[in-house]
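Okay, structure first, notes after.
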Amino acid sequence: MTSVSPAAERFPTLLSPLAIGPVTVRNRIVSTGHATRLADDQRAGPRLRAYHRARAAGGVGLIVTEASFITTEGSYSGAQLVNTDDSIIPSLTALADEVHAEGAALFGQLLHLGLEQSHRLDGTRVAAPGPSPVDSERYHTTGRAMSVDEIHDVTEAFAAAADRVRRAGLDGVEVAASHGYLLAQFLSPEINRRTDEYGGSFDRRLRFLVEVLQAVRTRIGHGLALGLRISGDEHTTDGLDGDLAVEVCRAVGALEADGRPLLDYVNVPIGSSRQIAGAVHIVSPMSTDLAISVPIAERISAEIDQPVLAVGRINHPALAEQVLASGAAQLVGMTRALIVDPEMPAKTAAGEVDEIRQCIACNQACIDRFHRGHGISCIQHPETGRETGLGIRRPTSAPKRVLVVGGGPAGMKAACVAAERGHTVTLVERDRSLGGQVRLAERLPRRSEFGGIIPNFEHELARAGVEVRLGVAADRSLIEVCEPDVVIVATGATVRPPMGELAEARVVDAWQVLRDEVEVGPNVLVADARCDWIGIGVAEHLAIERLGGRRRSVTLASTGHIAGETLPRYVRDLALGELHRLEVTQIPLVRLFGADADTVYLQHMASGLPVIVEQIDTVVVCQGHTAVDELAHELDGLVLGGRAVDVHVIGDARAPRTVEEATLEALEVASAI
Ligand SMILES: Cc1cc2nc3c(=O)[nH]c(=O)nc-3n(C[C@H](O)[C@H](O)[C@H](O)COP(=O)(O)OP(=O)(O)OC[C@H]3O[C@@H](n4cnc5c(N)ncnc54)[C@H](O)[C@@H]3O)c2cc1C
Ligand code: SF4
């Protein structure tokens with residue numbers, strides 16, 4: 001009699017295999033196609049291969065490669081995959097071999113951006129091709145209508161690229177008609193204004209997509225799986241809504257090729273590149289719903305026989321199991337859950353669910369690094385994207401006593417890594433709880449999930465065997481008593497006091513507001529010199545809070561071109577929408593000059609002219625942070641027992657920034673001890 005493991009009992013559907021056409025995946029967990037900027041020279045080089053191999057080794061069932069571009073149009077960086085000739089095949093074969101060696105299946109995603117592109121590899125603007133000459137609201141490009149010959153050429157380019165995927169040894173092909181890109185543009189009656197055989201009626205608008213799918217199937221045969229990625233709702237004014245997406249899926253789901261289904265699965269995200277309200281759902285931030293595409297995936301699933309893949313903030317195996325058990329979908333995309341913890345599937349299977357590092361949907365080091373032009377990583381797991389270097393945990397051959405001072409993200413990460421390498425690690429934190437500034441960050445509106453960093457690290461600290469001492473403020477004498485070989489100073493930062501001509505005004509800082517330590521009047525100006533989460537979040541917090549049943553009047557004056565300028569764009573855009581809803585007045589490009597009892601004096605950063613805001617009773621300053629680095633200075637040149645003590649300063653104690661740098665510096669230092 002075979003015994004059933006407790007994990008299999010708890011996650012019976014999630015951990016069960018599934019046939020996707022000719023391919024059987026070992027479980028239902030999918031790393032969906034996502035841009036990484038880890039490719040080298042538009043090929044799957046060592047970094048991209050190591051990235052995917054880590055997820056395959058961690059137990060994922062299926063990996064879909066990031067979109068590879070099937071024409072040189074849309075190719076805007078060397079760090080993306082471009083599948084336009086056979087030179088990509090050897091690198092895809094190497095990727096497939098590595099992923100297969102770890103037991104996962106690998107599909108290749110194919111994409112044409114159509115109207116949704118701004119520049120080419122050489123930096124010049126694209127004459128963006130689409131069904132009709134429609135502008136891109138997001139990229140401010142002017143589109144041009146494709147000729148029928150061009151449509152046929154692109155169809156052939158999809159087929160040829162699919163054939164290369166087949167020859168490279170991958171298990172399937174996914175055609176992307178999602179997120180408002182070329183194939184979706186043809187489906188939309190608003191964007192597709194053609195009057196020829198590719199526009200007008202539903203069937204004619206569908207024609208391009210069907211011809212592409214048929215051409216791809218002809219080339220790959222039925223030995224590979226063929227999938228379609230389509231947004232279940234683009235959330236735009238001119239794209240696919242739920243009804244149209246269902247109609248398209250019903251139509252293509254029913255098609256056959258050689259007496260067998262044309263399609264083997266449908267992948268259903270939501271959102272669109274074309275407009276901000278849709279774009280935020282390409283990678284939904286923490287303020288959006290969990291499992292966000294599931295309702296529309298369920299509708300599509302009810303209409304077709306093929307498995308449906310639901311995505312969007314499915315961040316935990318328990319939630320994934322719930323989605324699958326309900327029958328809403330048969331596969332779950334857990335891409336960010338795998339970016340932050342590549343071993344999530346293996347931990348699930350081993351019944352170690354509490355050990356899973358959970359994604360908090362901050363969007364910072366994954367999609368925002370991509371947007372900033374860098375390879376993706378994770379603020380909680382900076383090993384991601386660095387699998388060939390810092391991601392390798394090398395056990396120490398000379399164990400040392402390591403004292404980490406400070407239990408914020410930097411200290412917690414450093415302690416974990418040092419202990420995992422075999423050092424004896426003690427972490428001292430002067431507060432009664434771990435977390436540092438994260439405890440304040442989670443108080444901002446719609447950002448409570450940010451606090452998830454703390455339990456994630458608490459589990460890691462326990463597993464790594466770090467001794468944690470809370471309520472202990474370290475100074476030089478404590479360190480002399482402890483006699484460590486290495487001290488890692490991660491004492492963080494504190495709020496910068498208000499600066500400017502402010503003596504006569506009522507001035508408070510952001511930390512005081514978030515800690516509820518001060519009274520803020522009904523007419524407030526938030527002076528934001530950082531353009532990060534704090535100014536925008538404090539403005540929202542004050543605008544939501546009611547005084548005597550009435551809303552405050554809030555003005556947000558920032559040094560950016562827009563408030564929240566430095567934030568991940570989807571996070572910022574959702575916040576800007578919220579501020580607009582709350583009627584917060586925004587003044588961009590101004591610095592705080594001074595204030596008196598009821599007037600604030602700003603200076604425009606471009607014109608240099610004064611900007612005066614009257615009838616303000618409280619100024620909230622968000623002027624950034626100052627490093628807490630006294631201990632670091634005290635330890636300069638420390639010698640104990642005749643030996644110089646190795647002292648490292650990391651995170652905000654070095655210079656106040658973000659969790660991304662705090663954990664990365666922790667990893668760098670703790671990997672080198
Ligand atoms: C309101 C707010 C919102 C933010 N939002 C974000 C965000 O969304 N994303 C992001 O990436 N970053 C955000 N940040 C910044 C981020 O929190 C910090 O960059 C990060 O916490 C720095 O980590 P750290 O470990 O270096 O320092 P800290 O988090 O400051 O931790 C330092 C720790 O050291 C302890 N300590 C200090 N001196 C001693 C001593 N002598 N002995 C023992 N312990 C000591 C402190 O008590 C503290 O717990 C935000 C910050 C704030 C204030
Ligand atoms: S950076 Fe944030 S959103 Fe991205 S994977 Fe890590 S925790 Fe999740």
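If you go through the range 598-629 and pick out every residue that is in contact (Cβ under 8 Å) with a residue 12 or more places away in the chain and open to solvent by 70 Å² or more (accessible area, probe 1.4 Å), you end up with 8. A single member of 609, 589, 602 is modelled with pLDDT of 95 or more and farther than 29 Å from residue 533 by Cβ, and it is 609.
Let me spell it out: the conditions are (1) under 15 Å from residue 651 (Cα atoms); (2) within 16 Å of ligand 2 (Cβ to nearest atom); (3) open to solvent by 30 Å² or more (accessible area, probe 1.4 Å), and residue 409 meets all of them except one. Which number is the exception? Exception for residue 409: condition (3).
Residue 312 - would you say it is within 15 Å of ligand 2 (Cβ to nearest atom) and of a type in the set (Gly, Ala, Ser)? The answer is yes for residue 312. Of the strands (runs of 3 or more DSSP E) lying entirely inside the range 473-540, the ones with 2 or more residues being over 31 Å from the mean Cα position of the chain (by Cα) are found at 486-489, 507-509, 523-528. If you filter the range 136-163 down to residues that are of a type in the set (D, E, K, R) and closer than 16 Å to residue 179 by Cα, you find that the one that is least open to solvent (accessible area, probe 1.4 Å) is 138. Here residue 460 meets the list (1) in a loop (DSSP other than H, G, I, E, B); (2) open to solvent by less than 20 Å² (accessible area, probe 1.4 Å); (3) among the acidic types (Asp, Glu) almost entirely, failing just condition (1).
Matching residues to (1) within 16 Å of ligand 1 (Cβ to nearest atom); (2) acidic (Asp, Glu); (3) more than 21 Å from residue 533 (Cβ to Cβ); (4) buried (at least 24 other Cβ atoms within 10 Å of the Cβ):
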| site | (1), (2), (3), (4) |
| --- | --- |
| 292 | no, no, yes, no |
| 299 | no, no, yes, no |
| 319 | no, no, yes, no |
| 332 | no, no, yes, yes |
| 356 | no, no, yes, no |
| 366 | yes, no, no, yes |
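When residues in the range 90-132 are screened for being closer than 30 Å to residue 24 by Cβ and of a type in the set (Lys, Arg), 0 of them pass.
In the range 483-512, the residues that are modelled with pLDDT under 95 and away from ligand 1 (no atom under 16 Å from the Cβ) form Cβ pairs under 8 Å with partners that are part of a loop (DSSP other than H, G, I, E, B) and not hydrophobic (A, V, I, L, M, F, W, C), at six or more places apart or across chains, as follows: 483/641; 499/623; 504/596; 505/596; 506/521; 506/617. It is to be established whether one or more residues within the range 387-402 are away from ligand 2 (no atom under 16 Å from the Cβ), open to solvent by less than 20 Å² (accessible area, probe 1.4 Å) and in contact (Cβ under 8 Å) with a residue 24 or more places away in the chain. So far as the range 387-402 goes, yes, one or more of its residues are away from ligand 2 (no atom under 16 Å from the Cβ), open to solvent by less than 20 Å² (accessible area, probe 1.4 Å) and in contact (Cβ under 8 Å) with a residue 24 or more places away in the chain.
Please indicate, with yes or no, whether at least one residue in the range 530-537 is open to solvent by 60 Å² or more (accessible area, probe 1.4 Å) and not charged (D, E, K, R). No, the range 530-537 contains no residue that is open to solvent by 60 Å² or more (accessible area, probe 1.4 Å) and not charged (D, E, K, R).
Taking the conditions (1) at negative phi; (2) surrounded by 18 or more Cβ atoms within 10 Å (Cβ to Cβ) in turn, residue 638 satisfies each one other than (2).
When the range 412-448 is filtered for residues that are within 16 Å of ligand 2 (Cβ to nearest atom), outside any loop (DSSP other than H, G, I, E, B) and among the small types (Gly, Ala, Ser), the ones remaining, listed by number, are 441, 448. Just one of the numbered conditions (1) within 20 Å of the chain's Cα centre (by Cα); (2) within 16 Å of ligand 1 (Cβ to nearest atom); (3) surrounded by fewer than 18 Cβ atoms within 10 Å (Cβ to Cβ) is not true of residue 373: (2).
The values are calculated or read from the model by the stated rules, or taken from the named source; none is laboratory data. Quick caveat, the model's predicted, so the values are computed rather than measured. Here the Cβ is made from the backbone with ideal geometry for all residues, glycine too, and neighbour counts use every protein chain on show. Only protein heavy atoms, including side chains, enter the accessible area calculation; ligands, DNA and RNA are left aside. Shrake-Rupley method; radii C 1.70, N 1.55, O 1.52, S 1.80 Å.
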